[in-house]
């Protein structure tokens, strides 16, 4: 039985109407602010009226360098929203105009507003990224699953244009999740009327889980095709607005760019299928459809549906892959392997997708895929700054040649791997002498000495967890961050200087009548970069004296770890003895771990026989057995 609040009597329709009119006349209801809050709001308003000092202080205190007017105006918009939320009234219009004019025209020390160049790869560039990732990338991976996961992430982003927070663990996403938990897991739509409860399993982490990827076989006119249907649930913004999107990805002719092939490669490794007999990937592609059946779904196990697919290890309980780790690998692929002049990021791939969609779909479709409310965000931040239309040919009525312009505008047109040169000793010494690094190193030395004076060693200070050690840890992180930033800036300047010097050298050589220098990097015929499984190791009969036989033959390790060379032969011997041989003394039959011998199944009598075999056949001298 319905009752009016606080009366206990049944309320009529007239009572509800009168109550609604009263609420409408009264205005917004809220708890009165505390006196301290009112004073703080008043102080903030007075502070904004002295906006010159505030924004000048904001610019002067920024340690990352000058800021643009756009950034400062964004800060001011946030402050205005906070003021409205706390006081239920807008800031004085004249104050707003004064602040905006001061930021635009009178603020000293700000950075001149200039649009930042934003690279947009072409579709051909994206295909090359995946081929280079498998064929030539030398980045260090813990195992081959990590390499497949990285490629699958690239395919997901290149097929959907989602933000990194939709597929990986990012600082922005985890921060929003903690904020969401504080509000009880409730969501509101943009109008603020409808409240949607979030499932309990979604309240902590919105990861890309198995339940978000549907694998199915579908009947077509040309036979059975396989399809992945991903659903993305996390979007940008503190409110985490709900806008579920589901894509449909069919299998592709090129296996290295096929989303179905990568999901089918990862799922059997986790034994994710509900039908336990599906163990190798070939079983999936052998499944057909019954008569009059148009679709067949491969269901996941119930206990694995909420497990993230992209993980840092093979275990199902391993952490989700972080954006920092995946971005570092993607950037290394673009800079070191492909030789791009610009930095390769996830947002480069996102811009590529949105620009392609803009040519074939409506604005509403593009905004749905991008997660934008309207087209202003796309025009300001994602639209390709390179005009891809042959304007002069269109004006003159000639045949247009957009294909040439598209090739020139792509990221790969100016790629050159020769730009990636290792720092010399002089370069590293120059980095150590920069004022920022010197300041951070002096602070680190002072905090380190303070911990040593108080505890005698850093380890004791760590165990105690004192304030001095926390300050030492902070100084260590700051020193590493500053040094890394200075190194990246120096490397970026060197890369830009290389491309400029390369072009100038070509021009000068041709004008001077000299031989044109060749900047093409010779292709290294290294078999170990061929797919699949880096099978080059099986054809080697010998190895270097500083290589470990056991690591060389361990297929669970990544290629760099298998090829690892120790600094000294003694270090290799010590590693082999303590990590591998120590476990084998009790066995009477030991298979040789070298890939060449594993193919022919060479079995040795004991450890001493193994050491003799390693020295005679493979050229690896191990420690003598101790009696």
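Within segment 134-148, the only residue that satisfies the criterion of being in contact with a helix residue (DSSP H, G or I) (Cβ under 7 Å, 6 or more places away or on another chain) and at pLDDT 90 or above is 148. Helices (runs of 4 or more DSSP H) fully within segment 414-488 that include at least 1 residues being farther than 28 Å from residue 331 by Cα: 435-455, 458-464. Considering (1) in contact with a strand residue (DSSP E or B) (Cβ under 9 Å, 6 or more places away or on another chain); (2) without any contact (Cβ under 8 Å) to a residue 40 or more places away in the chain, the lone condition that residue 620 does not fulfil carries the number (2). The set of residues in segment 580-603 that are more than 19 Å from residue 615 (Cβ to Cβ) and either surrounded by 14 or more Cβ atoms within 10 Å (Cβ to Cβ) or touching a residue at least 12 places away in the same chain (Cβ under 8 Å) (or both) comprises 587, 588, 589, 599. What about residue 321, is it in the same structural domain as residue 169 (by TED's automatic domain parsing), farther than 25 Å from residue 385 by Cβ and touching a helix residue (DSSP H, G or I) at 6+ places or on another chain (Cβ under 6 Å)? Answer is no for this residue.
Kindly provide the set of residues from segment 580-596 that are farther than 17 Å from residue 621 by Cβ, in a helix (DSSP H, G or I) and in contact with a helix residue (DSSP H, G or I) (Cβ under 9 Å, 6 or more places away or on another chain), ordered by number. Lay out the reasoning, then the answer.
The initial filter retains those residues of segment 580-596 that are farther than 17 Å from residue 621 by Cβ, namely 582-591, 595-596.
Right, trim to in a helix (DSSP H, G or I) and you get 582-583, 595-596.
Listed by number, the residues that qualify are 595, 596.
Residue pairs whose Cβ atoms lie under 7 Å apart, separated by 6 or more positions or on different chains, with the first residue in segment 368-382 and closer than 15 Å to residue 162 by Cα and the second part of a loop (DSSP other than H, G, I, E, B), are 369/161; 370/161; 371/235; 371/236; 371/243; 378/372.
Return the only residue of 383, 352 being part of a helix (DSSP H, G or I), out of contact with any strand residue (DSSP E or B) (no Cβ under 8 Å at 6 or more places or on another chain), at negative phi and not assigned by TED's automatic domain parsing to the domain that holds residue 245. After applying the criteria, what remains is 352.
The values are calculated or read from the model by the stated rules, or taken from the named source; none is laboratory data. Computed from a predicted structure; not experimentally measured. A quick note on method: Cβ atoms are made from the backbone with ideal geometry, for glycine too, and the neighbour counts reach across all protein chains shown.
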